[in-house]
Amino acid sequence: MNEKTLNANKLFANKSIECSVENCAYHCTGDKYCALDKITVAPNTPNPKEVAQTDCYNFRAVN
Ligand code: SF4
C-alpha cells in the first residue's frame, strides 16, 4: 500500500490498533484508532524497559 492510498483511507478505523496520536497523518479522522491496516512497533533504545522506549515506526506528523 503506498502513502497516497493510506492518506485516502483516513476514515477507516482499524479496531485492532487503538491510538490517541491525533497529530499523526495516519490517525483515523474522528475516532481513536489508526487508519492503517498494520503498523510496526519497535524499540527506540537497545534494551527497552518502559512504554516510552518503544515507538510506532509508521508515525508521520500532520503538516
Ligand atoms: S501510524 Fe502509528 S502513530 Fe500513526 S495513527 Fe497509526 S498507530 Fe497511531
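In region 54-63, is there at least one residue being more than 13 Å from the ligand (Cβ to nearest atom) and at pLDDT below 95?
yes
State which residue is farthest from CYS24 (Cα to Cα) when the search covers only region 47-57 and only residues that are in contact with a strand residue (DSSP E or B) (Cβ under 8 Å, 6 or more places away or on another chain) and assigned to a loop (DSSP other than H, G, I, E, B).
PRO48
Residues of region 21-44 being assigned to a loop (DSSP other than H, G, I, E, B), surrounded by 11 or more Cβ atoms within 10 Å (Cβ to Cβ) and in contact with a Ser or Thr (Cβ under 9 Å, 6 or more places away or on another chain), which ones?
Correct list: LYS32, ALA35.
For region 21-53, enumerate the residues that are under 17 Å from ASN63 (Cα atoms) and among the hydroxyl-bearing types (Ser, Thr, Tyr).
TYR26, THR29
Can you name the residue in region 5-20 that is more than 10 Å from the ligand (Cβ to nearest atom) and part of a loop (DSSP other than H, G, I, E, B) and is also surrounded by the fewest Cβ atoms within 10 Å (Cβ to Cβ) among such residues?
LEU11
The values are calculated or read from the model by the stated rules, or taken from the named source; none is laboratory data. Remember, predicted model here, so these are calculated numbers, not experimental data. All Cβ positions, even for glycine, are placed from backbone atoms using ideal geometry, and neighbour counts span all protein chains on display.
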